[in-house]
1. Yes or no: GLN72 under 21 Å from ASP25 (Cα atoms) and at pLDDT below 95?
2. For SER23, all conditions in the list (1) part of a loop (DSSP other than H, G, I, E, B); (2) at pLDDT 90 or above; (3) of a type in the set (Gly, Ala, Ser); (4) on the phi < 0 side of the Ramachandran plot hold save one; what is the number of the exception?
3. Give me the residue from region 23-67 that is small (Gly, Ala, Ser) and in contact with a strand residue (DSSP E or B) (Cβ under 8 Å, 6 or more places away or on another chain) and, out of that set, nearest to ILE116 (Cα to Cα).
4. For the structure I just gave you, tell me whether ARG45 is surrounded by 15 or more Cβ atoms within 10 Å (Cβ to Cβ) and modelled with pLDDT of 95 or more.
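The values are calculated or read from the model by the stated rules, or taken from the named source; none is laboratory data. Since the structure is predicted, the reported quantities are computational estimates derived from the model, not experimental observations. As a convention, Cβ positions derive from the backbone with ideal geometry for all residues, glycine included, and neighbour counts pool all protein chains shown.
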Amino acid sequence: MDPESKPKNWKSVNFARQLRANSTDAERKLWSHLRGRQMSGKKFRRQHPIGDFIVDFVCIEIGLVIELDGGQHLDSDSDKQRDSRLSEQGFRVLRFWNHEVLTDTQTVLSRIHLEIKRPHPDPFQQVQ
């Protein structure tokens, strides 16, 4: 299902706005590289509601979600369930640690670029 076609949950939308206003250093740094179609001409959104979740970054066009994690996410079962549910909706999920974004930005950007170029595993399920 196209996440844009669902009725807006204004509570989620308002919470996403709050998250955007209070971004972490890692989120701000990565956003500076994703915004304005800088990454392979793809449009990314930040702190965007998808169903019951608010994802850190998403490119709807290719169904790619990027999540940045701090120490609280170490071996998180809820993150695994979230990734699984997003995958069921046709999204691919990339996860990076905050410190990776801050200290090894070029490697993170290279991984994202490779994922953008990689064909979606099921083109019929790809989010449009």
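1. So GLN72 passes the test.
2. Tallying (1) part of a loop (DSSP other than H, G, I, E, B); (2) at pLDDT 90 or above; (3) of a type in the set (Gly, Ala, Ser); (4) on the phi < 0 side of the Ramachandran plot, SER23 fails exactly one: (2).
3. If we take residues in region 23-67 being small (Gly, Ala, Ser) and in contact with a strand residue (DSSP E or B) (Cβ under 8 Å, 6 or more places away or on another chain), then GLY63 is nearest to ILE116 (Cα to Cα).
4. Considered against the rule, which asks whether it is surrounded by 15 or more Cβ atoms within 10 Å (Cβ to Cβ) and modelled with pLDDT of 95 or more, ARG45 comes out as yes.
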